[in-house]
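Here is the structure we will look at.
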Amino acid sequence: MSMVTGHGKTAVAGAIYVDLSTGFMGNDPRVERMVKTVGQMKRVFLDEEARREMDPAQVMYAMEYWKPVPDGTEGGLFFGNSTVFPGVIGEEYFMTRGHFHAKRDRAEFYSTASGTGMLVLMDEQRRATVQEMGAGSTHYITGRIAHRVVNTGAVPLTFLACWPSDAGYDYAAIEEQGFSVRILRRNGVSEVVVQS
Ligand SMILES: [Fe+2]
């Protein structure tokens, strides 16, 4: 038994189709979608004034995800992608808000489909590290590590993700203090700047 997906590709029943060259997950009704706009990124960027001057409807990043089991299910997994669009606010590249998992010990895989950028990782003592992202780069994010993706390139950065269905999100810790490093564009190149 098979079904035709939005890509015109045939996926076996029970499976969804992911275009691994782009990371996109097609028009499958099981795939949920969400976008984050410039207007939804209050106080995330260093230059809040520059953000306010931008079109609040501009999409900063978009997500597709497949949740085969309900949120919070212990032992299950979710699969999805995120696309961070190219751009800057002031000197700071477009990026995801970033989060710890609500269940702190839950890990996650990221795997880059296309584009270039940086994965910013920070532990609970605010010690940060950065990993370069590019097509094929696959990142294991251990538990208790906050994670954020920054697009430092000129094209959209799309990565696939797989995470536990009971991981949840804790955005509050990041909203209060932010990450301890920021990725800024200075003289046309990306620079990792330590904040606090
Ligand atoms: Fe996560």
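Normalised Debye scattering of the range 73-139 at q = 0.11, 0.21, 0.22, 0.27 Å⁻¹ gives log10 I(q)/I(0) of -0.33, -1.13, -1.21, -1.44, counting only Cα atoms as equal scatterers and leaving out solvent. Put a plus charge on the Cβ of each Lys and Arg, a minus charge on the Cβ of each Asp and Glu, and nothing anywhere else: the dipole of the chain about its Cα centre is then about 80 debye. Our compactness index for the range 108-196, the C-alpha radius of gyration over the empirical 2.2 N^0.38 Å, is 1.10.
Of the residues V130, L77, G87, the one whose Cα sits farthest toward the positive end of the charge dipole of the range 13-134, with +1 on the Cβ of Lys and Arg and -1 on the Cβ of Asp and Glu, is L77. Highest-first packing order for the peptide set 183-189, 39-45 is 39-45, 183-189, based on the mean count of other beta carbon atoms within 10 Å.
From the alpha carbon centroid of the range 121-147 to that of the range 34-108 is 15 Å. Please work out the ratio of the alpha-carbon Rg of the range 100-145 to 2.2 N^0.38 Å and round it to two decimals. For the range 100-145, the normalised Cα radius of gyration is 1.19. Converting phi to 3J(HN,Hα) with the Karplus coefficients 6.51, -1.76 and 1.60 and the offset θ = phi - 60°, the range 105-122 yields 7, 7, 9, 7, 9, 10, 9, 7, 8, 7, x, 9, x, 9, 9, 9, 10, 9 Hz in sequence order, with x at every glycine or proline. I want the local charge near K67. Using Cβ-Cβ distances under 13 Å, sum +1 for each Lys or Arg and -1 for each Asp or Glu among the other residues. Value of the local net charge: -3.
Calculated from the alpha-carbon coordinates, the chain shows an Rg and a Dmax of 16.9, 56 Å respectively. The count of lysine pairs in the chain with alpha-carbon distances below 24 Å, taking only pairs 8 or more places apart or on different chains, stands at 4.
Normalising the Debye intensity of the range 137-189 to I(0), with uniform scatterers on Cα atoms only, and taking log10 at q = 0.15, 0.20, 0.30 Å⁻¹ returns -0.62, -1.03, -1.33.
Read-outs throughout are calculated quantities, based only on the coordinates presented, and are distinct from any laboratory measurement. Fair warning: this is a prediction, and the values are worked out from it, not measured in the lab. Cβ atoms come from the backbone with ideal geometry, glycine included; neighbour counts cover every protein chain shown.
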